[in-house]
Amino acid sequence: MKVSLEWLRELVDLDQSAEELAETLTRGGIEVENVENLNKGFEKVVIGEIVSLTKHPDADRLLVCAVNVGQEEVTIVTGAQNLLTGDRIPVALVGANLPNDLSIRKSKLRGVVSQGMLCSREELLLDDTIGLDRSADGILILPPTAPIGENFGHYLGLEDSILDLELYPNRPDCLAMVNVAREVASLTRKKPHLPKWAEQNQVLSLPVVRDFRIIIEDQELCWRYAGLVVEDVHIAPSPEWMQRRLKAAGVRPISNIVDITNYVMLEMGQPLHAFDRDKIEGDVHVRPAHPGEKIVTLDGAERTLQTHTLLIADDSQPLGVAGVMGGLYSEVTKDTKRLMIESAHFSSVSIRRTSRRLGLRSEASNRFEKGIDVSGIVAVLGRVCDLLIDLGAGRPVALVDEVRHLPSRRQITLSTEHTSTVLGIELKISEIRQVLEDLNFEYKENSGLFQVEIPTYRSDLEIEEDLMEEVARLIGYDRIPTTLPQGDQTQGRRTPEQEFRRRLRKVLAQSGMDEVLTYTFTRAESDAQWGSAKHQIPLLNPLREELGVMRTSLIPGLLDVAARNVARRNMDVSIFEIGNTYWGEEQPLKKLPREELRVAAVAVGKSERHWLNQPVSYDFYYLKGIMEGLALEFGLKLEFRVAENQSLLHPGRSADLYLQNQCVGFLGEIHPSLEKEWGLERAVIFELELSTLFKRIRQTVRAHSIPRFPAILRDLAVVVTVETSAEAVMAKIRKLGGDLLQQVEIFDVYTGNPIPEDHKSLAFSLRYQSIERTLTDEEVNLLNSRILEGIQQDFGAERRK
Amino acid sequence: MDLERVIYLKSEILRIREEALKELRELDSPEALQELKVKVLGKKGSLTALLRQMGSLSAEERPIMGQVVNEVRTRLEQAWEERSEELDAMALQKRLATERIDITLPGTRVARGHYHPLTQVIEEIEDIFLGMGFQIAEGPEIESDYYNFEALNLPKEHPAREMQDSFYITEEILLRTQTSPVQIRTMEKLHPHLPVKIIAPGKVYRNDDDATHSPMFHQVEGLVVDRGIRMSDLKGILLNFSREMFGESREIRLRPSFFPFTEPSAEVDVSCMLCGGSGCRLCKGTGWIEILGSGMVHPKVLEMGGYNPQEVTGFAFGMGVERIAMLKFGIEDMRLLFDNDLRFLQQF
């Protein structure tokens, strides 16, 4: 809502500047988004008179002017050639910031001091309706009547400021100037001066219309419809003051009749529409459109209407789309002699649907959508009558008022005690009384209990809490003290699952991976590749097609991030994400889908080069190491099995991850055939489902005592075929080593000379230890050779010499 | 004969002493030192051998000679000790002189990853509220119209629904536009237990995409329900939070606002963390920065959650995590947070 300060001043005593008022309103709950000063750019531009013109002593093309700007005379150097002594011109004084962003400073031109600038139309962003014809060649020359010394903006009538109100849906009343004035009056404790028709219970006495009826077909959609019949219509432009106010509010002036309806809408909040009475045949019907019914609207477009569109029609044809746009046929033209001016209620839901569907949103439809004051419908026509007569635009002769439903006036009980408790402020009865006085609400009070009559224009006030907010905002939210809740103390603690996610994130970050957050909606095809097309949940109205479905895998999002980084020459990427995937069980969804929390990672490249350490390649073993770290952290027995059916992963470099025989995810290099699609070479990834993991994590640690007896260490290197799984050899060693073999680690894997082709050397370090006694070399040697024999037998291993 | 012998022995002892002392000064390794010690003082050493010859001396002369030998032995041992310390000191000097490194070279790299800035902010917010006795509640991101709107006093066709442009899946199921549905879910689960004291962080979705809006973003909701909860309690809790989050000297102010699920409602501004309230570019000269929306829980919402609004009151608040992260880290474009450029992420 654009509020002209000049207009507002007429409706309420105001001693604040536009900026101060904006602050008052904002602190009072009516947010002012912007204050536009129409005089902006003209603050230091005044009207001056050329006293003398002399040639510049050192420049042929420059003139030195003495200019009378009222209180003083200034010297200004100009290059313009269209000036005569005695001309009145706009003078930008030192310090002016012109509308074209030019700042005026004191300057010296070839040795002569210039104390400002004479302005052209272009510099002031004005068109050729201002000034004498001679202005075209240079400086804007004003008529000789222009008062010397006056501010140029004031001279043009640009004193006004416009406050742009950002209204919440609960305050549609402030779409009316009178209610903004009431609001200002309440917040500043000033008196409003409203047209009498803004007061409740004003009666408009006119003869009742006899020659037609209003027929409301569906009273759910139209509670009340009033029509004012006007004769002796004289179409002309509306007066300058009315046009100025309409323009200030962003409404285009058209003719006196249309302008009056728009002016009263802005003033009183009730949209109005004027029909040419002589185009109406028979009665006026308020009815839903028939199937396939058409209408040509004011904008000349023929529109086919859907059946629940609400229409205003006569006996034979539609006259307008109710509340949204009039019809071309019944439009007011320069030949119109008689009018019917409509003031009505239409259902906000119906208007919203219609205006959406037709793509027509107007000041009128906006007000119907937010809700209008049904009680004021006829009073508003009283205001129209006054203006019609004042402007000589027509003679109101009769009125029709069809009422089907009138919302009853609300009464709310407001308790001083309850309000004090809820707000946490000790309020006196007198303070509440003062607030209700300031709001100009009627009330009865009995020992702190107020019975408040809610005016019909404040539809947002429904319950006691609504009035508490009125009290709080009028006495000021700053009056609310700061306290802390008095009830039972509580212990803040994360649930075990929340703690698990936090630890998981910590482990991964501490392993050197960067956390990313990606959109949970993604491209259907990529997601289907890595997740499940069958379970994908599509959005009805995605932002873009490539954000069309909810993800069933985190991998595509991470691959996108990795590819984007590599494309930007961030070549080495090691990233992870913890987030939900979304699984629909049926199409379309009938119940809420399953949200499955996962962790996934992508790594490509290697760690940074370093003078001391070898860079770590981001390969299978890199991610496997991170997963092992994770398993260690949470006490999980994570198993890596050769991946089954992984067309997406490199068959030789991928694994499925198992926890107690349940597959919980996968790990591997992406299949070489996918490298081009993603623009990534040798990227490794993993994805894990977290709920199973969480169920299996070690709850408590049981400590083992440290052995008191010395350990004996042995190394064992064997040569096996390359296909032999190291894990299998290790398992065998562990089995044969029994209780005395405390630990086995692989410390070297080697292929190449002198190891035969298709073979590899595996070197293990074995630690023997007993918790009961000191072991002898002999028994350890015996065990060690038994282990060697065992793996020779099982794997055809050779001892490496 | 005895006298002659005595003189001979004495001169031998002195000779051994002088030779040993001389040799000692020339030796430069602990090993050589030890060798010499054995050669002179060891079981088969020269001094020990002389001592053995003393058996032939008379009872009067023997103690005198013994004393001489012991004096020499003590003297030599002392000299060995000194020389050994000298050598140790020299060895240390030599070691220190050779073991010099360039301490300006970078240290061994320990891998270090980075939390996403939004995660950092969420965890910080969580920790602040955990410290004030709040629990952390969660709810689904794909939500029913009922929980996202209706139970929050936003019936179908309510004009306030337009404040949020939703992503729909069906007419009845949508991506939640706010974390507020967790309020209802929590109350349904906990009632009639008191107090309810939770925050609910999570992802939310609105059909919007520009420098200050992202179609997916994060909110943290807060809800307190108990007997006698006042609006001043809301102010107190949020003042504590703002000071923990943005600094000890922050102030807050409440402005009237509108949310369908709170009444009275308030927008909360915090004094500008950049200029402290005097006015700057960040706060657009006002000295205040809007950080969250809040209010007293609407009686209808309490009822929807299973509580009797005659008996209990509550307050609720909701804040945008992206906005707080942008303020905290000086991020100008929200899209950077979801672009995931490593050069951006690795700053945090």
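First measure r as the distance between the Cβ atoms of A:THR304 and A:GLU585, then evaluate 1/(1 + (r/R0)^6) with R0 = 51 Å and state the FRET efficiency to the nearest 0.05.
Efficiency, rounded to the nearest 0.05: 0.80.
Work out how much length A:TYR750 to A:LEU782 would gain on full extension: take 0.36 nm times their residue separation and subtract the Cα-Cα distance, in nm to one decimal.
Residue separation times 0.36 nm, minus the Cα-Cα distance, leaves 8.9 nm.
Which of the aspartates and glutamates could be linked to A:LYS534 by a straight reach, that is with a Cα gap under 17 Å, when you skip same-chain ones fewer than 8 residues away?
A:GLU525, A:GLU585, A:GLU586, A:GLU595, A:GLU596
How far is the Cα center of segment A:90-146 from the Cα center of segment B:245-303, in Å?
45 Å
With springs only between Cα atoms under 10 Å apart, run a GNM on chain B and tell me which of B:GLN219, B:GLN135, B:GLN53 wobbles the most.
In the Gaussian network model the winner is B:GLN53.
At a Förster distance of 30 Å, what's the computed FRET efficiency of B:LEU21 paired with B:ARG62, Cβ-Cβ distance as r, to 0.05?
0.75
What do you get for trypsin sites (Lys or Arg not before Pro) in segment B:31-100 restricted to DSSP loop and a cutoff of at most 11 other Cβ within 10 Å of the site's Cβ?
B:LYS43, B:LYS44, B:ARG100
Tell me which of A:THR416, A:SER430, A:ALA472 sits at the most positive position along the dipole axis of segment A:411-479, charges placed on C-beta atoms (Lys, Arg +1; Asp, Glu -1).
Towards the positive end, the residue furthest out is A:SER430.
What pairs from A:LYS624/A:LYS760; B:LYS284/B:LYS328; A:LYS279/A:LYS337 go past 18 Å between their alpha carbons?
A:LYS624/A:LYS760, as the Cα separations exceed 18 Å there.
Using DSSP to define loop residues, name the trypsin sites (Lys or Arg not before Pro) in segment B:148-184 whose beta-carbon has at most 13 other beta-carbon atoms within 10 Å.
Answer in residue order: B:LYS156.
Taking amide H positions as placed 1.01 Å from N in the peptide plane, with prolines and chain starts having none, which residues 5 or more places from B:MET273, or on another chain, fall under 5 Å of its amide H?
Under 5 Å from the amide H of B:MET273: no residue qualifies.
What are the ³J(HN,Hα) values, in whole Hz, obtained from phi via the Karplus relation 6.51 cos²θ - 1.76 cosθ + 1.60 with θ = phi - 60°, for each residue of segment A:146-152 in sequence order, with x given for Gly and Pro?
4, x, 5, x, 6, 4, 5
Helix B:181-190 against the longest principal axis of chain B: what's the angle in degrees, Cα atoms only, rounded to the nearest 10?
So the helix axis and the longest Cα principal axis differ by about 80 degrees.
Can you tell me, using C-alpha contacts under 8 Å and at least 6 residues apart, the relative contact order of segment A:712-799 as a whole percent?
44 percent
Please identify every one of the GluC sites (Glu not before Pro) in segment A:675-707 that sits in a loop by DSSP and has no more than 14 other beta carbons within 10 Å of its own beta carbon.
Taking segment A:675-707 and a limit of 14 other Cβ atoms within 10 Å, the loop GluC sites (Glu not before Pro) found are A:GLU681.
Angle check, please: helix A:377-390 long axis (alpha carbons) against the longest principal axis of chain A (alpha carbons), in degrees 0 to 90, nearest 10.
That helix lies at roughly 40 degrees to the long axis.
Residue by residue through segment B:79-95, what is 3J(HN,Hα) from phi via Karplus (6.51 cos²θ - 1.76 cosθ + 1.60, θ = phi - 60°)? Round to whole Hz and write x for glycine and proline.
5, 4, 4, 4, 5, 4, 5, 4, 5, 4, 5, 5, 4, 5, 4, 5, 4
Along segment A:677-687, what does the Karplus equation 6.51 cos²θ - 1.76 cosθ + 1.60 (θ = phi - 60°) give for ³J(HN,Hα), rounded to whole Hz, x for Gly and Pro?
With coefficients 6.51, -1.76 and 1.60, one gets 3, 9, x, 10, 9, 6, 7, 10, 9, 9, 9 Hz.
I need to check one value: relative contact order of segment A:418-476, counting alpha carbon pairs closer than 8 Å and at least 6 residues apart, in percent.
29 percent
For A:GLU159 and A:ARG210 in one chain, what is 0.36 nm times their gap in residues minus the Cα-Cα distance, to one decimal in nm?
Here the answer is 13.6 nm.
On a C-alpha basis, how far is the centre of segment A:713-789 from the centre of segment A:335-363 in Å? Whole number, if you could?
Taking the Cα centre of each part, segment A:713-789 and segment A:335-363 sit 89 Å apart.
Taking 60 Å as R0, compute the FRET efficiency from the Cβ-Cβ separation of A:SER103 and A:THR700 and round it to 0.05.
Efficiency at R0 = 60 Å is approximately 0.25.
Grab the DSSP H runs of the protein assembly as shown that are 4 residues or longer, score each as -39,500 (n - 2.57), total them, divide by all residues and round the 222 nm result to the nearest 500 deg cm²/dmol.
For the protein assembly as shown, the value works out to -9500 deg cm²/dmol.
In what order do A:SER447, B:SER84, A:SER785 fall by count of nearby beta-carbon atoms within 10 Å, going from fewest to most?
A:SER447, A:SER785, B:SER84
If you restrict to DSSP beta bridges whose two residues both lie in the protein assembly as shown, what percentage is antiparallel, to the nearest 5?
95 percent
Give the long-range amide H neighbours of B:LEU292: residues separated by 5 or more places, or on another chain, with amide H under 5 Å away, using H modelled in the peptide plane at 1.01 Å from N.
For B:LEU292, the qualifying residues are B:VAL268.
Please give me the summed charge of the neighbours of A:GLY679: other residues whose Cβ is under 11 Å from its Cβ, Lys and Arg +1, Asp and Glu -1.
Result for the neighbourhood of A:GLY679: -2.
Can you give the mean number of other chain Cβ atoms that lie within 10 Å of the Cβ atoms in peptide B:114-125?
3
Based on the alpha-carbon gyration tensor of segment A:137-281 and its eigenvalue square roots a ≥ b ≥ c, which shape applies: rounded if a/c is under 1.5, prolate if not and a/b is larger than b/c, or oblate?
Judged from the Cα gyration tensor, segment A:137-281 comes out oblate (a/c at least 1.5, b/c at or above a/b).
Neighbouring Cβ atoms within 10 Å as the yardstick, rank A:THR421, A:THR85 fewest first.
Neighbour counts put them in this order, fewest first: A:THR85, A:THR421.
How much net charge surrounds A:VAL46 when only the other residues with a Cβ under 12 Å from the Cβ of A:VAL46 are counted, with Lys and Arg +1 and Asp and Glu -1?
-2
Which residue, A:ILE312, A:LEU358, A:ILE372, has the largest displacement toward the positive end of the dipole of segment A:214-403 when charges sit on each Cβ (Lys, Arg +1; Asp, Glu -1)?
A:LEU358
Could you give the dipole magnitude of segment A:149-245 about its Cα centre, charging the beta-carbon of Lys and Arg +1 and that of Asp and Glu -1, in debye to the nearest 20?
Rounded to the nearest 20 debye, it is 480 debye.
Quick one: A:SER17, B:SER294, A:SER343, A:SER765, fewest Cβ neighbours within 10 Å first, how do they rank?
So the residues, fewest neighbours to most, are A:SER17, A:SER765, B:SER294, A:SER343.
What lysines sit close enough to A:LYS55 to cross-link, taking a C-alpha to C-alpha distance under 21 Å and skipping anything fewer than 8 places away on the same chain?
Leaving aside lysines fewer than 8 places away in the same chain, those within reach of A:LYS55 are A:LYS106, A:LYS108.
Between B:ASP339 and A:VAL349, how many nm apart are label points set 7 Å from Cα along the C-beta direction?
Rounded to a tenth, the inter-label distance reads 4.5 nm.
For A:ARG544 and A:THR495, calculate 0.36 nm times their separation in residues minus their Cα-Cα distance, and state this gained length in nm to one decimal.
13.9 nm
Give the long-range amide H neighbours of A:ILE254: residues separated by 5 or more places, or on another chain, with amide H under 5 Å away, using H modelled in the peptide plane at 1.01 Å from N.
A:ASP259
Run the reach check for B:LYS197 against aspartates and glutamates, Cα to Cα strictly under 16 Å, same-chain hits fewer than 8 apart removed. What comes back?
A:ASP488, B:GLU126, B:ASP127, B:GLU138, B:GLU188, B:GLU221, B:ASP226, B:ASP233
Please give, to one decimal in nm, the separation of the simple spin-label points placed at A:ARG361 and A:LYS337, each 7 Å out from Cα toward the Cβ.
According to this spin-label approximation, the distance is 4.2 nm.
Tell me the net charge near B:ARG243. Cut-off is 11 Å between Cβ atoms, B:ARG243 excluded, with +1 for each Lys or Arg and -1 for each Asp or Glu.
Its environment carries a net charge of -2.
In nm, to one decimal, how far is the modelled label at A:VAL397 from the one at A:SER52, with both set 7 Å along Cα→Cβ?
Each label point lies 7 Å from its Cα, and together they span 7.1 nm.
Give me the distance between the Cα centres of segment A:257-279 and segment A:512-542, rounded to whole Å.
53 Å
Every number here is computed from the coordinates shown, using simple stated rules; none is lab data. The shown structure was predicted, so the numbers you read here are calculated from the model rather than taken from an experiment. Neighbour counts run over all protein chains shown; Cβ positions are idealised from the backbone, glycine included.
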